[in-house]
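Undergrad: Let me give you the structure first, and then I'll get to my questions.
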Amino acid sequence: MKRPLSKPQSICITLLWCALCYIVLTNAERIDGPVIMTLLISAALVFIPVYKSMKQRKR
């Protein structure tokens with residue numbers, strides 16, 4: 001079994017994802033469907049493991 005992410009790791013991953021979203025949103029010529037879908041998919045790829053890690057750490 002993998003070890004759960006620590007709190008600092010979870011915070012760092014979340015902040016890096018937020019910075020990436022900020023860069024994408026400010027540099028996009030226009031915010032349309034593909035940009036929104038990409039951000040939603042990236043959010044799922046980031047926050048599902050973070051959530052599972054927090055849930056596993058509580059046990």
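The values are calculated or read from the model by the stated rules, or taken from the named source; none is laboratory data. Please read all numbers here as calculations on a predicted model, not as lab measurements. As a convention, Cβ positions derive from the backbone with ideal geometry for all residues, glycine included, and neighbour counts pool all protein chains shown. For accessibility, only protein heavy atoms count, side chains too; no ligands or nucleic acids. Shrake-Rupley method; radii C 1.70, N 1.55, O 1.52, S 1.80 Å.
Residues are listed down the side, and each one gets a yes or a no for (1) of a type in the set (A, V, I, L, M); (2) within 14 Å of the chain's Cα centre (by Cα):
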| site | (1), (2) |
| --- | --- |
| 2 | no, no |
| 12 | no, yes |
| 22 | no, yes |
| 26 | no, no |
| 30 | no, no |
| 39 | yes, yes |
| 43 | yes, yes |
| 53 | no, yes |
| 58 | no, no |
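Undergrad: Now, a different point. Please tell me if residue 57 is surrounded by 10 or more Cβ atoms within 10 Å (Cβ to Cβ) and either of a type in the set (D, E, K, R) or not in a helix (DSSP H, G or I) (or both).
TA: Answer is yes for this residue.
Undergrad: Of all residues in the range 19-39, count the ones that are open to solvent by less than 60 Å² (accessible area, probe 1.4 Å) and either in a helix (DSSP H, G or I) or of a type outside the set (Asp, Glu) (or both).
TA: 7
Undergrad: Which one is surrounded by the most Cβ atoms within 10 Å (Cβ to Cβ), of the residues in the range 45-54 that are of a type in the set (A, V, I, L, M, F, W, C) and over 10 Å from residue 4 (Cβ atoms)?
TA: 46
Undergrad: Further question on the same structure: In the range 1-10, how many are in a helix (DSSP H, G or I) and open to solvent by 100 Å² or more (accessible area, probe 1.4 Å)?
TA: At the first step, the residues of the range 1-10 found to be in a helix (DSSP H, G or I) are 7-10.
From what is left, the residues that are open to solvent by 100 Å² or more (accessible area, probe 1.4 Å) are 7.
Here the count works out to 1.
Undergrad: Which of the numbered conditions does residue 42 fail, given that it passes all the others? Conditions: (1) at pLDDT below 95; (2) assigned to a helix (DSSP H, G or I); (3) surrounded by 11 or more Cβ atoms within 10 Å (Cβ to Cβ).
TA: (1)
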